[in-house]
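Derivation of every value follows stated rules applied to the coordinates shown; laboratory data play no part. Treat the numbers as computed from the prediction; the structure is a model and nothing was measured. Cβ coordinates were reconstructed from backbone atoms using ideal geometry, including for glycine residues, and neighbour counts include every protein chain displayed.
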Amino acid sequence: MNSAQKTIQYLNEAHASEQALTRTLQAHIAMTPRGAYRTDLERHLRETESHATSLQQRLEELGESRSMVAAGVGALQSLVGQALALGKGPFDLLRGASGEEKLLKNAKDESATEALEIATYRALEHYAGRIGDKKTARLAASIRKDEERMLAVLQERVPTLVDKVIRAELKGEPAYDLAKTGAAEAVRGAGRSAGRTTKKAAKKARSQARGTARQARRVPGVAQAEGELKGAVASEQDLAIANYDSLNVDEVLGKLSELSQIDLAKIDAYERKHENRSTVLSRIDSLRGNEPWPGYDELRVDEIRKTLARADAKQSREVHEYERRHKERPGVLQRAEQLAGNSSG
């Protein structure tokens, strides 16, 4: 491996790290109420997206194609542990510890990520400087300063977050408001336009609101958070399974695989609040997971087939596996299997 190839390796690792952090920040913002901490996260999300763009541009300047940048030359595999550790989406919001405790854990995870990124960019900066690649060295130094600034901000926030945990869990004075989280605001924002229209335009407004909500759910974590939010305050009539309270465990289990991720999250929150049956919750856990792509559960069969026409073999297999575990629609299963076979051949 020559010096240019080593530079590309390090840049790819940094780029993959920024992509992973983007998804993590989106999920954390979705579960964070309005305030200084969320403002910090939103600002750093914009910085992180900018970092990823700058790294990609530098890779292309060095001859790395866009497809290779996206693949990361295996760098994503080296970050799987980090992504799994930090990918605590808002669907876990109502489980276990208080909301205050979850925000503190998020801040600690974010601090660990920032420390790793600082070391990554310091190494890249030093390496690029030693081989005379001044442009890469300047880029690494600039991004490193942003990461150092964010780490300092997080360290300042941690004591405040600890104080909130003490008030919530030791003094019985919780202040965490699920209705003020980023996910809740995205859900409410999707429906506001309906209330501002005349009766004559109500049908059109409802359609627009549904479209906006559907678009919002394409942000990673929002669909699951919306389900948890609605499930926490839902009545039986709000659930996707009719007459839910009158069904026994086997009857509920038989209907779960038909549900979208948002409805599974909704049932999960409702079940935990009421009967809290371990068999039902375990089955929901086995069905919950990432859609093949954000917004998948919102799509009709024809829309999925149209998107599959542009998918590669890996994504076609993911669609087949997800569909097989959930709705088992023949039109999707057959098309996904066909495309996966054609692409691999």
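Some values worked out for this structure:
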read-out	value
Rule-of-thumb Rg ratio for the range 101-156 [Cα; 2.2 N^0.38 Å; N residues]	1.32
Set Lys108/Lys327; Lys102/Lys255; Lys102/Lys273 screened for pairs whose C-alpha atoms are more than 27 Å apart	Lys108/Lys327; Lys102/Lys255
Inter-label distance, nm, simple model (7 Å from Cα along the C-beta direction), Ile131/Lys314	2.4
√(5λ) per eigenvalue of the Cα gyration tensor, the range 299-344, largest first, Å	15, 12, 8
Relative packing of peptides 22-32, 134-144, 157-167 - highest average C-beta neighbours within 10 Å first	22-32, 134-144, 157-167
Pairwise FRET efficiency - Glu42 versus Met1, Cβ, R0 = 51 Å, nearest 0.05	0.85
